[in-house]
1. Say whether the condition of being within 14 Å of Thr44 (Cα to Cα) and out of contact with any Cys (no Cβ under 7 Å at 6 or more places or on another chain) is met by at least one residue in the range 95-108.
2. Just give me the residues in the range 219-238 being within 21 Å of the chain's Cα centre (by Cα) and at pLDDT below 70, in sequence order.
3. Pairs please, first residue from the range 42-59 and more than 16 Å from Gly143 (Cβ to Cβ) and assigned by TED's automatic domain parsing to the domain that holds Ala89, second anywhere and β-branched (Val, Ile, Thr) and in a helix (DSSP H, G or I), Cβ atoms under 6 Å, 6+ apart in sequence or on different chains.
4. Quick check on the range 442-457. Is at least one of its residues modelled with pLDDT under 80, surrounded by fewer than 16 Cβ atoms within 10 Å (Cβ to Cβ) and farther than 12 Å from Leu368 by Cα?
5. Yes or no: Leu365 touching a strand residue (DSSP E or B) at 6+ places or on another chain (Cβ under 7 Å), assigned by TED's automatic domain parsing to the domain that holds Ser457 and among the aliphatic types (A, V, I, L, M)?
6. Among the numbered criteria (1) touching a residue at least 24 places away in the same chain (Cβ under 8 Å); (2) assigned to a loop (DSSP other than H, G, I, E, B), which single criterion is violated by Leu24?
7. State whether the residues of the range 345-353 include one that is in contact (Cβ under 8 Å) with a residue 24 or more places away in the chain, closer than 19 Å to Gly401 by Cβ, not aromatic (Phe, Trp, Tyr) and not in a strand (DSSP E or B).
8. So for the range 95-112 (the condition being within 59 Å of the chain's Cα centre (by Cα) and either within 30 Å of Pro23 (Cα to Cα) or not assigned by TED's automatic domain parsing to the domain that holds Leu230 (or both)), does at least one residue qualify?
Amino acid sequence: MRVRLQGIVLTLVALLVFGLGIPLALSVASSVQQRLFLDRLTDTARFASLAQRPLVDNNREVLDAELRRYNDVYGVLVVVLNQDGKLVASSPGAQGTGIDLAAPEVSTHVHSALAGRRSEPGSMLTPWDSTPLVLAEPVLIDGEVRGAVLTESDTGKARAELLWSWVVLVVGGILAFTVALLVAVPVVRWILRPVRRLDEATGSLVAAVVSGREAEPVGEGGGPPELRQLGRSFDRMAASVGEALSAQRAFVADASHQLRNPLTALKIRLGNLQGHVDDELAAADLEAAVVDARRLNQILDELLSMARAEASGGELLPVSLDEVVADRVADWAVVGTARDIRLETHGLGGDLRVLAPPRGLEVILDALLDNAFKFTATGTSVTVAVDGGPDTVTLSVRDHGPGLREDELERATDRFWRSAAHQNITGSGLGLSIVAQVVAHSGGELTLELPEGGGLSVCAVFPVSLSRGTAIS
């Protein structure tokens with residue numbers, strides 16, 4: 001947008017410079033030409049007046065002396081013709097290498113003067129046109145044309161003057177364009193400063209609100225009043241969105257916490273009834289109620305975990321990835337042994353540290369390993385791998401279960417979403433949503449892949465932490 005706006009401003013300035021410069025240049029050319037024409041026309045008319053008596057008396061000596069002096073001073077060639085077009089007198093050089101009376105443009109002026117017509121300005125004078133200025137005036141005696149005076153003037157001096165005038169105009173136009181450019185750049189930046197801040201704030205709004213941080217306000221920051229008002233409106237909207245999402249998270253956390261107590265009591269009561277129900281149908285219903293109560297308790301636990309992950313705030317701490325992976329793998333190895341599933345690790349020992357919220361990596365590994373053990377068949381393996389790069393660290397958990405379809409990978413992190421092929425496996429559909437939330441809050445990215453050999457690979461990419469102590473908000 002800045003380039004387009006600057007282009008519009010500079011285009012308008014260019015049109016203004018050309019719109020004023022070209023007519024001014026033409027006006028200067030016309031003025032120089034008119035001044036030269038009038039000056040030479042006055043001299044030609046004076047010689048026409050001087051030639052009256054010599055033409056009547058047929059005495060050319062007086063004219064020759066006058067023409068010679070004029071040519072020496074001004075360098076203008078002059079010839080005097082009688083009414084038959086014959087040469088009567090001329091300045092030195094007017095014949096032979098001077099004025100060519102047989103030339104079409106010269107003979108035209110001669111015939112016009114002998115017909116009693118005066119010369120008129122010719123085509124516009126330009127610096128690159130070296131054609132001399134030819135003028136002819138009739139010699140009138142008692143109202144009768146008795147001859148003509150013809151002058152041929154070099155236009156070099158006038159063309160040089162015109163050239164310098166045009167150079168000044170071009171330099172002035174370039175300076176005006178440069179000044180306009182220097183003024184337009186800061187003005188356009190000033191106009192677009194609120195737009196740039198709005199763009200930056202819009203890009204960071206989602207990440208800030210989702211991670212629980214306060215969105216950076218656009219504020220005043222200069223710019224036109226209308227755009228400053230738009231910035232203030234955006235700040236109010238961002239604050240309202242943050243407050244609404246915070247209220248939603250608080251409600252989920254409070255509701256999950258408050259429902260756990262009555263649900264726990266319900267589970268205890270259902271457990272106390274086991275062994276005291278004799279009817280087979282009632283016993284089956286009791287067992288189904290116990291299963292549903294356990295599933296509901298799991299959903300509430302995961303909702304509470306998600307609410308805590310969303311409300312974790314902006315604090316990020318440098319965490320040793322090797323230590324967390326080793327600790328969680330040691331705990332889950334017991335589950336793997338009980339289910340005859342091998343739990344393997346790769347890439348440990350690099351002393352890699354990533355930025356994550358408190359206990360965020362534990363939440364991620366627990367959720368991913370829980371999903372992996374649910375879907376991995378007996379006798380296969382689950383692999384936890386760490387791959388460190390110059391700027392990022394990748395933590396991946398790969399199972400050998402049925403996996404997902406290609407079109408289901410994007411929806412797998414949606415809340416409460418479960419594949420239609422896995423509806424018979426216990427779960428709430430919140431595990432990957434919690435993982436995605438924690439990874440996003442850590443400034444990372446979560447991706448799901450279908451590796452060769454089947455199964456599902458979940459990869460969390462984190463930025464490398466160079467710090468080893470201070471928290472980052």
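1. So in the range 95-108, the residues within 14 Å of Thr44 (Cα to Cα) come out as none.
Within the range 95-108, none of the residues are within 14 Å of Thr44 (Cα to Cα) and out of contact with any Cys (no Cβ under 7 Å at 6 or more places or on another chain).
2. Gly221, Gly222, Gly223 - these are the residues of the range 219-238 that are within 21 Å of the chain's Cα centre (by Cα) and at pLDDT below 70.
3. Note: pairs meeting the criteria are Pro54/Val62.
4. No, because not a single residue in the range 442-457 is modelled with pLDDT under 80, surrounded by fewer than 16 Cβ atoms within 10 Å (Cβ to Cβ) and farther than 12 Å from Leu368 by Cα.
5. Working: touching a strand residue (DSSP E or B) at 6+ places or on another chain (Cβ under 7 Å): no; assigned by TED's automatic domain parsing to the domain that holds Ser457: yes; among the aliphatic types (A, V, I, L, M): yes.
So Leu365 does not fit the description; no.
6. (2)
7. Looking for residues that are in contact (Cβ under 8 Å) with a residue 24 or more places away in the chain, closer than 19 Å to Gly401 by Cβ, not aromatic (Phe, Trp, Tyr) and not in a strand (DSSP E or B), one finds none in the range 345-353, hence no.
8. The initial filter retains those residues of the range 95-112 that are within 59 Å of the chain's Cα centre (by Cα), namely none.
No, every residue in the range 95-112 fails to be within 59 Å of the chain's Cα centre (by Cα) and either within 30 Å of Pro23 (Cα to Cα) or not assigned by TED's automatic domain parsing to the domain that holds Leu230 (or both).
The values are calculated or read from the model by the stated rules, or taken from the named source; none is laboratory data. Everything quoted here is computed from the prediction, not taken from an experiment. Because the Cβ atoms are built from the backbone with ideal geometry, glycine has one as well, and the counts that use them run over all protein chains shown.
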